[in-house]
1. Along Cα→Cβ, 7 Å out, is where each label goes; now give me the distance between the ones at ALA146 and ALA242 in nm to one decimal.
2. Which residues in segment 32-60 place their backbone N less than 18 Å from a point set 7 Å from the Cα of LEU166 along the Cα-to-Cβ direction?
3. Any of LYS92/LYS232; LYS127/LYS238; LYS17/LYS92; LYS127/LYS232; LYS92/LYS238 with alpha carbons more than 28 Å apart? Name them for me.
4. When only alpha-carbon atoms are used, what values of Rg and Dmax, in angstrom, describe segment 173-288?
5. Compare GLN107, GLN247, GLN188 in a GNM of the chain, Cα atoms joined below 10 Å, and give the one with the largest fluctuation.
6. Build a GNM of the chain with springs between Cα atoms under 10 Å: which of ALA176, ALA57, ALA36 gets the top mean-square fluctuation?
7. Sum up the charges of everything whose Cβ sits under 11 Å from the Cβ of GLY48, counting Lys and Arg as +1 and Asp and Glu as -1, but leave GLY48 out.
8. Farthest toward the dipole's positive end in the chain, which of LEU244, PHE25, LEU15, given Cβ charges of +1 (Lys, Arg) and -1 (Asp, Glu) about the Cα centre?
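Taken together, the values in this text are just the output of simple stated rules run on the coordinates, not laboratory data. In this text, all values refer to a predicted model and were calculated from it rather than measured experimentally. We place every Cβ from the backbone using ideal geometry, glycine too, and count neighbours over all the protein chains shown.
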Amino acid sequence: MNYTTLISAEQLQALMKSGQPLRIFDCTFELMQPHAGEQHYQAAHIPGAIYADLETALSARHGMPGAHGVITATGADAPASGGRHPLPNREKFATWLSSVGMGNEMQAVVYDRNGANYCGRLWWMLKWAGHENVAVLDGGLQAWQAAGGAASSGEEPAHFQTHFLLGPERATLVDADRVASQLGRPAQTLLDARTTPRFKGEVEPLDPVAGHIPGALNRPFGQNLTPEGRFKPAEQLKAEFAALLGQRDPATVVHHCGSGVSALPNLIAMEVAGLGRTALYAGSWSDWCSDASRPIAQG
């Protein structure tokens, strides 16, 4: 059986026993303490899980930083987006997947300890690389341990290198020019996943400019989860997005946040709700505000 959105702890336990080709990734991260995520992984992780670091595996870190931290590398090292956590290009990402033994025939399962805030990035990137069979462990490591799942500590044995082959993109990536060209048009509905005070421009702890892209709607990513840290039921999510979008077509939604990471729980939630796979502006606010000519809104 293949899983493409969410997988429960019990389903993952059965999958691990089945012998089906499987690769599990721990994406735990802490934005203000970048090394803490790997420390948490070393302390406890699902047996066999590979650590996927947001800043070294899931972001481009080649070349010289430009204004506001924008990566300016060119050629084979050129990132696929701007912002504080620029996407590596698909070829670089495939090289990393190959290095950790991820094969095209495998089911991938991603998780974190952070309410799917970080593992959603790898879920999306695998779709973008053409790999459909990837699922988020619903409830993360906490749900795994609550279900009696075993935990390992320390390093995992190295995997044989594979040759991950890129396929047609199964996720839509848009850039600042595309967003700017569609501002105020019915063909685009911007959905910002940052906390409401950041969205309104009342505070801005990370980026040089406070505010949001004009016309954007706000849905903080944590609104997709129950108090237990699992995604809300599909029908509840569908009703909440319908209330937020009003008469706007769900297919027009472009997700963003501060740096293209916490936007993904919203994108995944829309898919769980049966509203389709919507687009991602991966550069997000950190990319948008790096150009003073782009309009901003507050309040």
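1. Placing both labels 7 Å along Cα→Cβ, they lie 2.8 nm apart.
2. 57-60
3. With Cα atoms farther than 28 Å apart: LYS92/LYS232; LYS17/LYS92; LYS92/LYS238.
4. 13.4, 40
5. GLN247
6. Of ALA176, ALA57, ALA36, the Gaussian network model singles out ALA36 as fluctuating most.
7. Numbers: positive: ARG23; negative: ASP26, GLU156.
Surrounding charge for GLY48 is -1.
8. Farthest along the dipole direction, towards plus: LEU244.
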